[in-house]
Structures are given as structure tokens and as C-alpha cells.
Amino acid sequence: MSADTPAPAATTADGTAPPVLAEVVRSGFVESRHRGSLVLLDADGGVEFALGDPAAPVFPRSANKPMQAAAMLRAGLDLSGERLALASASHSGEPFHRALVRTMLAEHGLTPDDLQCPPDLPLDEGERAAYLAAGGVPERLAMNCSGKHTGMLAACLAAGWPTATYRDPEHPLQRLVRDVVEEAAGEPVAAVGVDGCGAPLMAIGLVGLARAFRHFVRAADTTPEGRVAAAMRAHPEYVGGTGRLDTELMGAVPGALSKTGAEGVQAVALPDGRALAFKADDGAKRALGVILSRALAMTGVDWKTAAPVLGGGAEVGEIRATF
């Protein structure tokens, strides 16, 4: 299946509409609904609960970043701690994120001009406003994937591979990423596309995505997968940023590995091997927290996040999970 393969119809495998995962309630009236698919794996890796069609391929978007980072290590890149967490990140573009990306580039003899992610503003709304107020302009360093692109460039240098073509799906690094994705997910990549940052993007099912995160939390500490999981869990502030879902969850739930992806994707694994993944079909991110909170509650993990609906500056409703 190629990147221009038509998307499947918005139905499950049996032809029915995907179930509603969350709804928006305003003044006691259900205003909007978010449909999608979800899967929970038990500690042994079996499917414990499923909604929709979690076997259907999706683009996990940035939820693939732990696997991309593991491929960097397999290529011979020596990275750990905050640096490895940032290579796995969709960072908010806060000053400490930008500073570490700049440092990492310099450590490998690179500059921001070597990055092939597009110029952008910080991902976090508050940081974006402060950045613009200080005279900031879109730049590659501020783009939320700049840590990943720095890691990819550094991995190419470590392996002796060309850097100018590191985004090419046939580049040795990207072929290695595909190997890692398929090994961790336990299924073949169904399609290859282009992510928002310009890097290749591998499609797998939600079951495969949950299985991949389970693989990472169960991996030995000395393996690339184990090293990535350890760095992300030890430095969650570099994976996301202030107030970000992944950062807050990993900070609150010991041993959890969490990564959000664009277009309504979320994957989490717990240290005992339980894992989950879901996607909102409409791509909306506003319901991610409440869906995740409900899914975690089904595993016995008490982690809650509020999603109020406002009217005139006051709370007049909520976004709530429906399963």
C-alpha cells in the first residue's frame, strides 16, 4: 500500500460506524461527538478490550517517535538522558527545549540550517505568544520535531550515512526505522507517508501500536528500546513540556510510557506490560485526555484530567468519555 492509497471509509470492519469515544456537552446538551477506535492489552499482551476497528492501519504520527529514536541508537548514536528524551519528543518549544536542541546540534558539528524539518513556532500556545512577543519568527529549531531531526542527523553521522537525504524512505536510517516499527509492533508496515515534519511515517494498526509500546517498557535496560523508554520516563518534561499530557501522565504514574500523536492518536504502556492505544477519527485532540483517563481507569490506574466546556468565561459543560 502506498502513501497515495485511498483512505478506507469511515466504518469498522463490519460496516458499522465507529463508536463514540467521547462527547462534548454544553449546557446539558450533547453538542459534538468524537468517534474512533481503541484497544487495551492485558499484561500478557492479549487484547482485553476493544472498540471500533483497532486492527485497521493508522498513521500513529508522533506516537512513532520512540521507535524512530530506537533506530537512531541501533545506527550507533550514543545518546542518553535528556538528549534521548528530546530525540523522542514533540516538544513545546520552551526555552529549555530550544537550548538543548542547539546544544545537541553543536555537539555533532551541526547547525539549525542542517535540519530539514520546516520552520515553525513553538507548539505550546503560551510559549508561542511569549516567543512572538519577544520578536521570534518561525524557525526550524522551534519546530516540535527538531529534537528528532537532530537525532536523525547525528545517527547518520555516527553510521557514516549521508545526511542530505536522511528523510528519504529508502535511506538506511529510515529502512532501519521501518525494521524497528515492524519488530516492535509485530506486524508489517501497511503504508508509508510523509509526516508533518517531512520525515517518513509508517502506518500500523492500533493493536500493533499498543504492542510496540508494551515491547518498549518490557525491554532490557541495555537495549535501544529499553534505553529510549528509560529516558522518556526519567525526563518527561523533554518529551512534551509544561502542562502537556505526556509529561503530566509520566510524571504522575510511575513507570508509564506515553506518547501523543497528531490527528487524535495516543499510546501508553504501563510497567507491568499492559498497554493501550486509540485514535479519534476526526483527528481532534481536545478529547484525548478524557479518553485516556477513562481507558486508564479500566486498567485500575487513577489518573484524571478535566476538560471543561466554557461559555462566557464560565464552565457550562464538559468533554466526557462515553465507554
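The values are calculated or read from the model by the stated rules, or taken from the named source; none is laboratory data. If you're wondering where the values come from, they're calculated on a predicted model, not measured in any experiment. All Cβ positions, glycine included, derive from the backbone under ideal geometry; neighbour counts span all protein chains shown. Note: accessible area is taken over every heavy atom of the protein model, side chains too, but ligands, DNA and RNA are not part of it. Shrake-Rupley method; radii C 1.70, N 1.55, O 1.52, S 1.80 Å.
Would you work out if the range 35-137 is rounded, prolate or oblate? Take a ≥ b ≥ c from the square roots of the eigenvalues of the alpha-carbon gyration tensor; rounded if a/c is under 1.5, else prolate when a/b is larger than b/c, oblate otherwise.
oblate
In whole Hz, what ³J(HN,Hα) sequence does the range 136-143 give by Karplus (6.51, -1.76, 1.60; θ = phi - 60°), x for Gly and Pro?
3J(HN,Hα) across the range 136-143, in whole Hz: x, 10, x, 8, 4, 4, 7, 5.
5 Å is the cut-off here: which amide hydrogens, built 1.01 Å from N in the peptide plane, fall below it relative to residue 36, excluding neighbours closer than 5 in sequence?
Close amide H contacts, sequence-distant or interchain: 21, 281.
Are there cysteines in the chain with no other Cys C-beta under 4.7 Å, and if so, which?
Cysteines of the chain left without a disulfide-compatible partner: 156.
Under a GNM of the chain (C-alpha, springs under 10 Å), which listed residue has the highest mean-square fluctuation: 24, 239, 177?
Its mean-square fluctuation being the largest, the pick is 24.
Starting with the highest mean, order 97-105, 274-282 by the number of other Cβ atoms within 10 Å, averaged over the residues of each peptide.
Packing proxy ranking, top to bottom: 274-282, 97-105.
Quick one: helix 146-159 against the long Cα principal axis of the chain, what's the angle to the nearest 10°, folded into 0 to 90?
Compared with the principal axis, the helix lies near 40 degrees.
If you take the charge dipole of the range 171-278 about its Cα centre, with +1 on Lys and Arg Cβ and -1 on Asp and Glu Cβ, which of 192, 216, 242 is farthest toward its positive end?
216
List, in order, the whole-Hz ³J(HN,Hα) value for each residue of the range 89-98 obtained from phi through the Karplus relation with A = 6.51, B = -1.76, C = 1.60 and θ = phi - 60°; use x for Gly and Pro.
My calculation for the range 89-98 gives 9, 10, 6, 7, x, 5, x, 6, 5, 4 Hz in order.
Rounded if a/c is under 1.5, else prolate if a/b beats b/c, else oblate: with a ≥ b ≥ c from the C-alpha gyration tensor eigenvalues square-rooted, which is the range 206-255?
Values: a/c = 2.31, a/b = 1.43, b/c = 1.62.
Here the range 206-255 falls in the oblate category.
Order of 220-227, 253-260, 311-318 by packing, highest average Cβ count within 10 Å first?
Those peptides, ordered most packed to least, come out 253-260, 220-227, 311-318.
Stretched out fully, how many nm does the piece from residue 222 to residue 170 gain, at 0.36 nm a residue minus the Cα gap?
Details: separation 52, 0.36 × 52 = 18.72 nm, distance 2.80 nm.
Contour length minus Cα-Cα distance gives 15.9 nm.
Rounded, prolate or oblate: pick one for the range 121-276, where a ≥ b ≥ c are the square roots of the eigenvalues of its C-alpha gyration tensor, a/c under 1.5 means rounded, and failing that, prolate if a/b is larger than b/c, else oblate. Please report the intermediate quantities before stating the final value.
Working: a/c = 1.69, a/b = 1.12, b/c = 1.52.
Cα axes put the range 121-276 in the oblate bin.
Between residue 159 and residue 194, 0.36 nm times their residue separation minus their Cα-Cα distance comes to what?
Details: separation 35, 0.36 × 35 = 12.60 nm, distance 2.34 nm.
Full extension from residue 159 to residue 194 adds 10.3 nm.
Using alpha-carbon pairs under 8 Å, 6+ residues apart, how would you state the relative contact order of the range 189-295 in percent?
21
Can you work out the PRE-style zone for residue 47? Point 7 Å along Cα to Cβ, and I want the residues of the range 199-220 with backbone N under 20 Å.
Of the residues in the range 199-220, 203-215 have backbone N under 20 Å from the label point off residue 47.
When only alpha-carbon atoms count, how far does the range 72-125 stretch along each of its three principal axes, as whole angstroms with the largest first?
Largest to smallest, the principal-axis extents are 35, 22, 16 Å.
Which residue fluctuates the most in the chain, going by a Gaussian network model with Cα springs under 10 Å, if the choices are 271, 54, 66?
The residue that fluctuates most here is 271.
List the residues whose amide H sits under 5 Å from the amide H of residue 240, counting only those 5 or more places along or on another chain, with H placed 1.01 Å from N in the peptide plane.
Distant-sequence amide H within range of residue 240: 247.
GNM, the chain, Cα, under 10 Å: largest mean-square fluctuation among 272, 124, 14?
14
Between residue 17 and residue 305, how high is the FRET efficiency from 1/(1 + (r/R0)^6) when r is the Cβ-Cβ distance and R₀ = 35 Å? Nearest 0.05.
The formula returns an efficiency of 0.85 here.
Calculate, for the range 248-305, the solvent-accessible area per residue in square angstrom, rolling a 1.4 angstrom probe over the heavy atoms of the protein chains.
On a per-residue basis, 35 Å².
With contacts defined as alpha carbon pairs under 8 Å and 6 or more residues apart, what's the relative contact order of the range 74-140 in percent?
Relative contact order, the range 74-140: 31 percent.
May I ask for the equivalent-ellipsoid semi-axes of the range 95-159, computed as the square root of five times each C-alpha gyration tensor eigenvalue and listed largest first in whole Å?
23, 10, 9
Suppose the chain between residue 282 and residue 113 were pulled fully straight at 0.36 nm per residue; how much longer would it get relative to their current alpha carbon spacing?
Full-extension gain reported as 57.4 nm.
Convert each backbone phi in the range 284-294 into a coupling constant with the Karplus relation 6.51 cos²θ - 1.76 cosθ + 1.60 (shift: θ = phi - 60°), then list the ³J(HN,Hα) values in order as whole Hz, x for Gly and Pro.
My calculation for the range 284-294 gives 6, 9, 5, 9, 4, x, 6, 5, 5, 4, 5 Hz in order.
Determine the dipole magnitude for the chain: charges of +1 sit on the beta-carbon of Lys and Arg, -1 on that of Asp and Glu, nothing else is charged, the reference point is the Cα centre, and the result goes in debye to the nearest 20.
With Lys and Arg at +1 and Asp and Glu at -1, about 180 debye.
If you add up the charges near residue 130, with Lys and Arg at +1 and Asp and Glu at -1, over every other residue whose beta carbon is less than 13 angstrom from its beta carbon, what do you get? Walk me through the numbers on the way to the answer.
On the way: positive: 98, 128; negative: 94, 124, 125, 127.
Result for the neighbourhood of residue 130: -2.
Where nothing but the Cβ of Lys and Arg (+1) and of Asp and Glu (-1) is charged, how large is the charge dipole of the range 107-161 around its Cα centre, in debye to the nearest 20? Could the numbers behind the result be given before it?
Working: 3 positive and 8 negative charges, 24 e Å.
It comes to approximately 120 debye.
Of all alpha-carbon pairs in the chain, indicate the percentage at a distance above 35 angstrom.
Looking at the chain, the distances longer than 35 Å represent 17 percent of pairs.
Please list, ordered by chain and number, the residues whose modelled amide H lies under 5 Å from the amide H of residue 110; skip anything fewer than 5 residues away on the same chain.
Excluding prolines and chain starts, which carry no amide H, there are no hits.
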